[in-house]
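Data block below; observations after.
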There are 2 protein chains.
Amino acid sequence: MLEGFFQPSAIAVVGVARSEGKVGHFVFDNLLDAGYPGTVYPVNPRANEIHGHRCYPDIASLPEVPELAVIVVPAPAVADIIDECGVAGITSVIVISAGFKESGPAGGALERDVLARASAHGIRLLGPNCLGLIATESQLNASFAGTMPPTGHIAFMSQSGALGTAILDWAGSEDLGLSHFVSLGNRADLSEADLLSAWADDESVKVIVAYLESVASGTAFLEAASRVTRHKPVIALKSGGSDAGARAVSSHTGSLAGSEAAYDAAFHRTGVMRAHTVQELFDLATALSRQPLPAGQGVAILTNAGGPAVLATDACERAGIALASLENDTLERLRATLPDAAALYNPVDILGDAEPERYGAALDALYLDPNIRAVLVILTPQAMTDPSSTARLLADRVSKTSITTIASFMGGHSVAEARTILRDGDIPVYAFPEQAVAVLGAMGSYSRHLERPDITPPTFERDRDTVARLIADAHSKRHTFITEESASTIATAYGISVPRGFVAQDLASAHAFAKDIGYPVVAKISSPDILHKSDIGGIAVGIDTPQELANAYETILGKARSYAPDAVIDGLHIQEMLQGKREVIVGVNRDMQFGPLVMFGLGGVYVEVLKDVTFRLAPLDQPEAREMISEIRGFRLLAGSRGQKPADLDAIADVLVRISTLVSDFPEIVELDINPLMVGDSGEGAIAADIRIGIGGQE
Amino acid sequence: MLEGFFQPSAIAVVGVARSEGKVGHFVFDNLLDAGYPGTVYPVNPRANEIHGHRCYPDIASLPEVPELAVIVVPAPAVADIIDECGVAGITSVIVISAGFKESGPAGGALERDVLARASAHGIRLLGPNCLGLIATESQLNASFAGTMPPTGHIAFMSQSGALGTAILDWAGSEDLGLSHFVSLGNRADLSEADLLSAWADDESVKVIVAYLESVASGTAFLEAASRVTRHKPVIALKSGGSDAGARAVSSHTGSLAGSEAAYDAAFHRTGVMRAHTVQELFDLATALSRQPLPAGQGVAILTNAGGPAVLATDACERAGIALASLENDTLERLRATLPDAAALYNPVDILGDAEPERYGAALDALYLDPNIRAVLVILTPQAMTDPSSTARLLADRVSKTSITTIASFMGGHSVAEARTILRDGDIPVYAFPEQAVAVLGAMGSYSRHLERPDITPPTFERDRDTVARLIADAHSKRHTFITEESASTIATAYGISVPRGFVAQDLASAHAFAKDIGYPVVAKISSPDILHKSDIGGIAVGIDTPQELANAYETILGKARSYAPDAVIDGLHIQEMLQGKREVIVGVNRDMQFGPLVMFGLGGVYVEVLKDVTFRLAPLDQPEAREMISEIRGFRLLAGSRGQKPADLDAIADVLVRISTLVSDFPEIVELDINPLMVGDSGEGAIAADIRIGIGGQE
């Protein structure tokens, strides 16, 4: 895919300036300098030749139809050039020119026009307002970034052109190999999802990295990323730009479900690894482009110095990485070859005077240990150390194993050559052991993602018609919230337990129902016109006797009539009162990009003060819901401890799955809180004590 | 201080090997290569000359008394050399030789012998088992680390020799200037505290950095570090080595107060900045050695690209750094000089085509803004960018301001020269904006430490005699815990409120006391021989009536007699029952290095499951205690929210201060838990409902 962009047969550059120092001139020069083997045609009606290349007045005059056009003319002239391209049959266009959406409403109109014309001609368009692109294997530099990075297997897209330039420059000085660089610009047409798909099928690409400030389309990103990560790692550095202001925040969930939570959930769902700094992004990309993923847990550290091994061990602990226990056979092998003073247990410290052969012998022993899936080799340059020979030996050993091996050769000049040897031998090498450990941690997370099956679609019976009817009903009344009684009905339609209840239209039937379910009960005014019942004194809890119920009946109906004389009163809603169970909260907020974001947390202060909550994108299945439940800090309160019985975790997970299905089935539901969900001991189930459903789309 | 080590008049190297590749030979070569201007005498009875230098058979034969001796002979021979040094009048000795404490008990005995002889002669000793030391200004390399780092103002000590070597090597390649490097080795005599004190008074040292796996003496470290940080920054990378196994963990506090918590508290108390990676350590050291501390809050970001500014803004948010609001005057100044498309508000984006002068004009405006105390200048190498000229211009501007200025010039080759220019102009420069922001965050924390006054000693009245008597009493009975009644008395002696209580020896007096304080009451068996009262059914709570009290009296005394027939029974302890107040926990655990570590947290699951606690070293004063209270995650539960009244924070702080004084006054107290401390609304006070005091030192 996108071959027209990355391996075009010939290229037209429209708007090549005659004078140096102009963008159009840079782009043309860069194309020539990079050694692109196809023909590059400069197009400029006011020039006859540029650098000895014949210049053409327009696309129509070209001697052949190039596959790719790079447009660098001023913004208002772009649309007509698109038409020229379309008429000529060009299908891939890069618009480098700025002055579009980023510059204000007038530019936005220009951009829409350009996109419309491109679509009409079937043209795919990169930009506008971008740096262009680079494909190192094709020797193609269709950008105004001067630096051509070293060839490699990392494909890099950037929503920031300047950050892209800086990273290309840095890649050159760090000998970091890239296969592609794409500056996304305004993403009028091509977006991150298109590039993910294109690079998924490109064998020169081993790792995809992206700098993103947002995604152009959440749905497209989720679809493409989920597919790509199944066979190729994707790492994103996602920065800033809160859109909290644009979000409904009337619910508990809404107030906690910021855009960052949604992006984290999207990355979790799709298996995209998230880096937090540029350094982390490329540390990880380098490792993934050079080494296989660890085939399970279990890391060994091999070192010639104690201090750095302690740093690495600390970092492992912080990252939750388990150091492997060595088999007795391994210890025997190590003992047979290492000096007496060596530390045989992991970390394996082969001492400050370790020569290359000692590294080799220790590595041989570690590679044979079935508990070890990854090895971190640490070297510090001490008096007797030979970093380069050690590096050569490592490269030889690593070429013969499938066990993930990464290195931290600490120091500067003394290890510079050794680092180059390691990189040439496809061993990722880092200046500090902490970096190497962070990389191992991320590789491990990605491995675990690959083991995770896709979400299983829900199979439970559900009554969609009832829900559709109640939502339509609310829409017709221009309500933004479903009434409490309807919310209960909706929950029931999706198999979620709610307290037993009955709308009594007279005191006698209230008494009869209360006797039936047993005291204590709760009484609430039932009226489609009164949403905030407690504000008008429309709720009584803890009603213990028929006499108290009679009092509540009179008081509540009286208050309703006096505070809301025009309200339609359906009666008094009598409910069973749930007591002595654990309270949790389940919520949903619809993210503008990624759709329903499901929240789980302990109730009350755990949510409001401690913000001990976790998020996933809908839909969920039972394993995913169980994972959510277990990752809150307060999980031990549910799992049972100190003689307490565990909560019914299956029931909570079931509610999460059903709720996530409900909000997936009905996009009209924009937010939902079950607060609290009352949870019994294991096997006793869970009951949604209070459900609040907000709806949109009623315009 | 330690001039004999860092500026010795002459140096003897004892044990210079004739053959290359031996440690003794390396050390001698390094001393000569570094250009040390004084005389270096090789000492070796089996050689006449080394490298054309006359070799002496022993110390006594030297033509003068050198100030410093460097010993590299085998471990068993070291003690006699120390004697030779002592007899000759040498006062500073470095023992590089290994084979001491680190090698086992026999080596430990050798080390004690060496230390004893050194002490007898009044010799200060560095090592043994160390790399030696470097002082760049003296051109002194008395180490077997080959690399002499660039001269600078960062003094670096390392508990790991190999890590030290690696960092020296790295310093060379990164152009990182050091004033000193000291390899601490086994710290038989000189430890981190001695070096802190020595470097505090050395004007060539602007920043002290340390790699530590432990401290040799907590007391000495606290004393030296507190003093030094008042006028010179200290940064520590403290790694691993949990000593949890060696600690009493019978209390709640003990189970949470790991060695890491103690080190964090020690660093907080002393103002030592803690780095978590080597990179962080030197990023920060570089900044502190080149730029003044920000004189308050308020950071401005000046950039030629949006993406990196977003990364920097994100990093500021994560680090809790406030971006300054610009004054209207500043905005006017910026508007007058910048292109229309520039972003004037912080971050100030002067656009991709920013030439050096535009950076200069924007910087001039920002420096005039009273809200700005630090500026981060970001540059990405774009088509029109001139990094080196921009760097020169920045260096000029920065030399004329006292506002903290740091830079992130992103990229590789394109900005390499510019980075050198910035460093030469004392502007710290980082490859990525996130690094620069982390540095600003740490500088800000250190500034706040400097503003914090020293802890005020407590002035409240306290009855030490009673406490001493009760501890002595418990000691005499070989108890490891103070009885509950004595613990209450101790609390009262230090002005901490406890529930009203009375040990009734008959039912009538129990009734009288309960009537006096009012029901409900709590009844507990009172016996010095029964510590775990609830285990034998020796506690009844919620006693509402005289009849219930009579029942409890009979039941509890009956159970006590049947379960512990030999126990001395003092009677039934009747206490007021505290209800409906907030519960918090105050605890103390005595750290082996740093002494009493005071913990504060919310009670119950907040401590046990969520581990929402904070630690400080004793003693505390009111402001420090208030800071503790406010830094737990659940602070809002105490501060009052959603219509709730705030808790009596002053009363909690008062208890923290009093408890910290108690455990400082009585080192015999090894652990203490007040769990719960019942806290009323503001002004209502706090009552220690249950106090548990563990004592040691009774052997």
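So here's what we get for this one:
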{"read-out": "Rounded to 10°, Cα long-axis angle of helix A:356-367 versus longest principal axis of chain A", "value": "40"}
{"read-out": "Relative contact order (percent, whole number), chain B, Cα cutoff 8 Å, 6+ residue spacing", "value": "8"}
{"read-out": "Shielding by other protein chains, B:165-178, mean Cβ within 10 Å", "value": "5"}
{"read-out": "For the protein assembly as shown, share of DSSP beta bridges that run antiparallel, in % to the nearest 5", "value": "50"}
{"read-out": "Of all DSSP beta bridges in chain A, antiparallel share, percent nearest 5", "value": "50"}
{"read-out": "Integer Hz, Karplus 6.51/-1.76/1.60 couplings in order for segment A:212-228, x for Gly and Pro", "value": "10, 9, 6, 10, 6, 9, x, 4, 5, 5, 4, 5, 5, 5, 4, 5, 5"}
{"read-out": "Karplus-derived HN-Hα couplings along segment A:270-275 (A = 6.51, B = -1.76, C = 1.60, θ = phi - 60°), whole Hz, x at Gly and Pro", "value": "8, x, 6, 7, 10, 9"}
{"read-out": "Straight-distance crosslink candidates among lysines, where the alpha carbon sits under 23 Å from B:Lys22 and sequence neighbours closer than 8 are dropped", "value": "B:Lys101"}
{"read-out": "Pseudo-label separations to other copies for B:Arg464 - Cα-to-Cβ vector, 7 Å, nm", "value": "8.0"}
{"read-out": "Theoretical FRET efficiency, 1/(1+(r/R0)^6), r = Cβ-Cβ of A:His51 and A:Ala416, R0 35 Å, to 0.05", "value": "0.35"}
{"read-out": "Two-site label geometry, A:Glu317 and A:Asp570: point separation in nm, points 7 Å out along Cα→Cβ", "value": "5.9"}
{"read-out": "Ranked list, fewest to most other Cβ atoms within 10 Å of each Cβ, for A:Thr405, A:Thr661, B:Thr555", "value": "B:Thr555, A:Thr661, A:Thr405"}
{"read-out": "Axis-nearest residue of A (beta carbon) for the A-onto-B rotation, whole Å", "value": "A:Leu610, 3"}
{"read-out": "Other-copy label distances relative to A:Ser61, 7 angstrom Cα-Cβ extension, nm", "value": "9.4"}
{"read-out": "Fewest-first sequence of A:Leu662, B:Leu637 by Cβ atoms within 10 Å of each Cβ", "value": "B:Leu637, A:Leu662"}
{"read-out": "Label 7 Å beyond Cα on the Cβ vector: A:Asp340 copy-to-copy distances, nm", "value": "8.4"}
{"read-out": "Qualifying aspartates and glutamates (Cα of each under 17 Å from Cα of A:Lys477; at least 8 residues distant if same chain)", "value": "A:Glu485, A:Asp529, A:Asp566, A:Asp570, A:Glu668, A:Glu699"}
{"read-out": "Between helix B:413-424 and chain B: long-axis angle, C-alpha atoms, 0 to 90°, nearest 10", "value": "80"}
{"read-out": "Net charge of Cβ neighbours under 9 Å - reference B:Tyr519; Lys, Arg +1; Asp, Glu -1", "value": "-1"}
{"read-out": "Environment charge at B:Tyr446 (Cβ cut-off 12 Å; Lys +1, Arg +1, Asp -1, Glu -1)", "value": "+4"}
{"read-out": "Other-chain or far-sequence residues with amide H under 5 Å of A:Ala374's (modelled H)", "value": "A:Ala300"}
{"read-out": "Karplus (6.51, -1.76, 1.60) ³J(HN,Hα), θ = phi - 60°, over segment B:370-382, in Hz, Gly and Pro reported as x", "value": "x, 7, 9, 10, 8, 10, 9, 9, 10, 9, 10, x, 9"}
{"read-out": "Helix axis angle, B:23-33 relative to chain B longest principal axis, alpha carbon, degrees", "value": "60"}
{"read-out": "For A:Phe460, A:Phe221, order by how many other beta-carbon atoms lie within 10 Å, fewest first", "value": "A:Phe460, A:Phe221"}
{"read-out": "Estimated [θ] at 222 nm from DSSP helical runs (n ≥ 4, -39500 (n - 2.57)) normalised by residues in chain A, nearest 500", "value": "-12000 deg cm²/dmol"}
{"read-out": "A:Glu67 long-range amide H proximity, modeled H, under 5 Å", "value": "A:Ser9, A:Ala10"}
{"read-out": "For segment A:291-451, share of DSSP beta bridges that run antiparallel, in % to the nearest 5", "value": "5"}
{"read-out": "In nm, spacing of pseudo-spin labels at B:Asp113 and B:Asn551 (7 Å Cα→C-beta vector)", "value": "7.6"}
{"read-out": "Range of Cα positions in the protein assembly as shown per principal axis (Å), largest first", "value": "102, 99, 69"}
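Every number here is computed from the coordinates shown, using simple stated rules; none is lab data. This one's a predicted model, so the numbers in the text were calculated from it and none came from an experiment. We place every Cβ from the backbone using ideal geometry, glycine too, and count neighbours over all the protein chains shown.
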